[in-house]
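Contents: one structure, followed by commentary.
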Amino acid sequence: MNKDGTIGGSYFSLLYLIQGLNRELFEPMMLFYKNNTLVQLFQQSCPTVILFFSPYVRFKPALLRKIVNMVIHMTSFIRCFIFLWKNRISLIHLNNTVLGGFDLWVPAGLILKIPCITHERNYSNFQNIKDTFLFKTFAHKYAHIFTVSQFIKNHLIDNGISQESITAVHNGIDPDLFKSTISKNSSEIYSELGIDSLKTLIGCPGNIRKWKGQEYLINACNQLNNHLKYDKYFVALIGEVSNYPQDISYRNYLMTLIQRFGLENNVAIIGYRKDVANYLNACEIIVNPSIEPDPFPRVVLEAMALGKCVIATNNGGACESIQDGFSGILVPPDDAIFFAEKLYSVLTNSNFRNMLSANASLDVKKFNTEQYVNGIQNVYKSLLENSATIE
């Protein structure tokens, strides 16, 4: 669970894994640290529990803070240990990052002789933690690490993690299943958003935070309107704002920027949408404008599954899902004029846009849920066989 309470693509990827696992071989059990909107879906697929952990404190003086946090940490560790022992867990799979949970679940697993693996779904910054005692002691004790792209695998290797312990497995998507969640037509979405039917709808899904690049997209729209003199479009920024002050400030800054550029009729923050497939389906173009490396954006797969024209930045895993100029368009993360020109090319050339969309529908089949689930459960089987041999 994201600590800020937001729901990201990693949860849907995990859900597809749970749903696809071979039940003759595995009996999954799901644990969340906090309640969230997807718990009921997980409960339909496997036993699901919520195990709350006390947050670390930040008060002064430093000595007292360290003592209190040590007590909190040991309490959390004991709860992890008891959970694993009581439920007779055979394999631990942490879902989000190498940097999360290694100080609790890895040592608990080592004591109970339970392999602990993790999924690196982030472009993690190791600089402030890789020299700490806990990281050096336990982070290299993972039995295996999955990454969502070759790009992230290379990033881990560059930070000193052995490539023999890493397997890159692309997230998967079932296009038919995703399409089955569509319950509204485009005209209904246009009406809800109050958009002129002559405008092309552009979707930008993603939680509202700086690295996601909404500001970059707004700057490109400013170039589109004022440099290229084109305004027959509407951008819907579809995403949740966390309760973190920096994210709230960023949302407010985006709203100010929209007003400053006079883009009120072209760009709007529409917030979180539970029925996101309805909104993506109403779009002709979907963008992923991350200014920092995006490990393997699920929104790109969702857009391709719906046969949409996709534009994404070229500084992450999107380069592994999009063939530039064939099944989508890749742009640099720091050139608003170039970005605007690419938007203009697909907005004004329907034949080009339709070609990209058609090819995306074909290319996305490479990223099916079967390859995703099989890639992971094959490692599960290997680890469990090795564990049984050792015992």
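The table that follows gives values for the structure above.
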read-out	value
Lysines with Cα under 26 Å of residue 60, excluding same-chain neighbours fewer than 8 positions away	3, 130
Under 14 Å from residue 365, Cα to Cα: aspartates and glutamates that are on another chain or at least 8 residues apart	174, 176, 302, 320
Rounded tilt (10° steps) of 245-260 against the dominant C-alpha axis of the chain	10
Extreme residue, positive dipole direction of the chain, given options 283, 47, 200 (C-beta unit charges)	47
Sorted peptide list for 34-44, 95-105, criterion being average Cβ within 10 angstrom, highest first	95-105, 34-44
Theoretical FRET efficiency, 1/(1+(r/R0)^6), r = Cβ-Cβ of residue 345 and residue 63, R0 51 Å, to 0.05	0.25
Selected from 245, 64, 265, residue furthest toward positive end of dipole (the chain; charges at beta carbon)	64
Distance (nanometres) between label positions extended 7 Å along Cα→Cβ at residue 272 and residue 228	3.3
Selected from 326, 293, 309, residue furthest toward positive end of dipole (the range 175-367; charges at beta carbon)	309
Helical mean residue ellipticity (222 nm; -39500 (n - 2.57) per DSSP H run of 4+; nearest 500) of the chain	-13500 deg cm²/dmol
The chain - charge dipole about Cα centre, Lys and Arg +1 at Cβ, Asp and Glu -1, debye rounded to 20	1120
Shape category assigned to the chain from the gyration tensor of Cα positions, a/c cut at 1.5	prolate
Shape of the range 175-367, Cα gyration tensor, a/c cut at 1.5	rounded
Point-to-point label distance, residue 244-residue 366, nm (Cα→Cβ direction, 7 Å offset)	3.2
Förster radius 22 Å - calculated FRET efficiency between residue 50 and residue 163 (Cβ-Cβ, nearest 0.05)	0.05
The range 175-367 - charge dipole about Cα centre, Lys and Arg +1 at Cβ, Asp and Glu -1, debye rounded to 20	200
Out-of-range pairs (alpha-carbon distance over 26 Å; input 136/366; 66/86; 153/210; 199/274)	136/366; 66/86
For the range 52-202, projected area of the alpha-carbon convex hull averaged over all directions, nm²	14.7
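Bear in mind these aren't lab numbers, they're just calculated from the coordinates by the rules spelled out. What you see is a predicted model, and the numbers here were worked out from it, not measured in a lab. With ideal geometry, Cβ positions are generated from the backbone for all residues, glycine too; neighbour counts draw on all protein chains shown.
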